[in-house]
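Some notes on the structure that comes next.
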Amino acid sequence: MLMGQRVKKPFVQPERVHGCEVVWIGDSLIDWARAVRAARIDMFLSIDFRPNYRAFFALCPRTPILVWVRDPWDNRDREIIARLRVPGHHGLPQGVASHPTRSLAHMAAISKVFGRRLHLVVTTPALAAKVPDSYGLSAESVGVMPNIVEPCIGAPAKAERPVIAFLARLDPYKRPWLLIELARRIPEAEFVVMGKRHFSGSGAWEPGELPPNMRMLGHAGEPEKRAELARAWLLLNTSIHEGLAVSYLEALAHEAPLVSCVDTEGLATRFGRAVARHPGDGLDALPSFEIALREMIADHEERVRLGRAGRLWVEATHSREAFLRAFFAHAGQLGVRRG
């Protein structure tokens, strides 16, 4: 695992994460470069693309690159995100800056000169159309490599009372203020919030007083997250933008349909309710969100049907087995053989 930026003390820098060796950027760039070269990397798996990745690629000019495009921003996305505002604030919120990802096209041209193979894959086919705007490259040869979503074991035990789960960062990008207003409008439901804030000060969001039917869990560990999704009747997403949100897949794996204003590849339409994506602070969307949530809460049979259909789709499409098949196939196209 190659860390793309320095971290500040007192952050602990473990030598291994999930059994994988970690190369950290230290004070000595020479020592860092030696560590990268000493790792004898066969292939780079680039999670999206950021300009600071180029330093790693430059150290290994012939090592093939597989770019896993997970959250591409095309021109339309950038326009919508640029209009995001925190209620009561006029400036641009924190956490919505656009990265200059189109520099990947220059990296691809240089790689071609050195004979390096570079291949792009997306998590779901609908995202391929955003590659030209996002990365300056053609979408014709973009492949698909799904997520790994751990399956739910057995039938999830749903709560007796309506439970609406929110699984996301509590940053302006996710518009969590809509969640709080919806909890006030639907007091008969329990709102379970899994996520924490990453920003403070100017351009950040402060939660203020919370309604009594809301539980704030902060960052939830894997067992706690899975237990809450198993109880949940629905997953609510209020973001201004998403790629293919992993939270969608994790909720559907636990038979919790979606209510969202981002309908990537029509998932909210197929397995829940899609709400129009209102720009700005999104407060205009509150009536539509409330109607969609109340419809889903009231219709038990529809909720069960959509949840089960979503679970079957996730298990067939975003399983560990499906990921590994795609991963080794794309690695083979780059000339990297298994074993």
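With a Cα cut-off of under 24 Å and a minimum spacing of 8 residues unless on different chains, the lysine pairs in the chain number 8. Phi angles across the range 84-98 convert, under the Karplus curve 6.51 cos²θ - 1.76 cosθ + 1.60 with θ = phi - 60°, into 3J(HN,Hα) values of 5, 9, 7, x, x, 10, 9, x, 5, x, 6, x, 10, 5, 8 Hz, Gly and Pro given as x. Based on C-alpha pairs under 8 angstrom that are at least 6 apart in sequence, the chain has a relative contact order of 17 percent. What the Kirkwood sum gives for the range 1-160 is a hydrodynamic radius of 18.5 Å, with every pair of different alpha carbons counted. Students often get this wrong: which residues of the range 218-258 have the backbone nitrogen under 18 Å from the point 7 angstrom along Cα-to-C-beta of S200? It comes to 218-219, nothing else. Please order M1, M145 by the number of other Cβ within 10 Å, starting at the fewest. Ascending number of Cβ neighbours within 10 Å: M1, M145. Expressed in units of 2.2 N^0.38 Å, where N is the residue count, the Cα radius of gyration of the range 68-129 is 1.50. Taking the number of Cβ atoms within 10 Å of each Cβ as an exposure proxy, the fewest-first ranking of R175, R70 is R70, R175.
In the chain, the DSSP-assigned H stretches of four residues or longer account for a calculated mean residue ellipticity at 222 nm of -10000 deg cm²/dmol, using -39500 (n - 2.57) per stretch and the full residue count as denominator. Across the alpha-carbon set of the range 1-90, the Rg to Rh ratio works out to 1.09, Rh being the Kirkwood radius. Enclosing the Cα atoms of the range 98-184 in their convex hull gives a volume equal to 164 cubic angstrom per residue.
In this structure, Q13 and R34 have a Cβ-Cβ separation that, at R0 = 22 Å, corresponds to a calculated FRET efficiency of about 0.80.
For the range 163-317, the C-alpha radius of gyration sits at 0.96 times the compact-globule guess of 2.2 N^0.38 Å, with N the residue count. Sequence-distant contacts, meaning Cα pairs under 8 Å at least 6 residues apart, place the relative contact order of the range 67-190 at 28 percent.
The range 264-339 and the range 120-194 have their alpha-carbon centroids 7 Å apart. A Förster radius of 45 Å, combined with the Cβ-Cβ distance separating A329 from H300, puts the computed FRET efficiency at roughly 0.60. Against the chain, whose longest principal axis comes from its Cα atoms, helix 300-317 is set at around 10 degrees.
In order along the range 325-333, phi translates into HN-Hα couplings of 4, 5, 4, 5, 5, 5, 4, x, 5 Hz, rounded to whole numbers, per the Karplus curve 6.51 cos²θ - 1.76 cosθ + 1.60 with θ = phi - 60° and x for Gly and Pro. As a ratio to 2.2 N^0.38 Å, the alpha-carbon radius of gyration computed for the range 252-339 takes the value 1.48.
Here the extension length gained between A309 and I291 equals 4.3 nm, from 0.36 nm per residue of separation less the Cα-Cα distance.
Each residue in M43, M216 was given a count of other beta-carbon atoms within 10 angstrom of its own, and listing them fewest first yields M216, M43.
Please report the projected area of the chain's Cα convex hull averaged over all directions, in nm². Could you put the intermediate results ahead of the total?
On the way: hull surface 73.2 nm².
For the Cα atoms of the chain, the hull's average projected area reads 18.3 nm².
A short reminder: the numbers here are calculations on the coordinates, not readings from a lab. Only a predicted model underlies this, so the values are computations on that prediction, with no experimental measurement involved. Please note: Cβ atoms are built from the backbone with ideal geometry, for glycine as well, and neighbour counts cover all protein chains shown.
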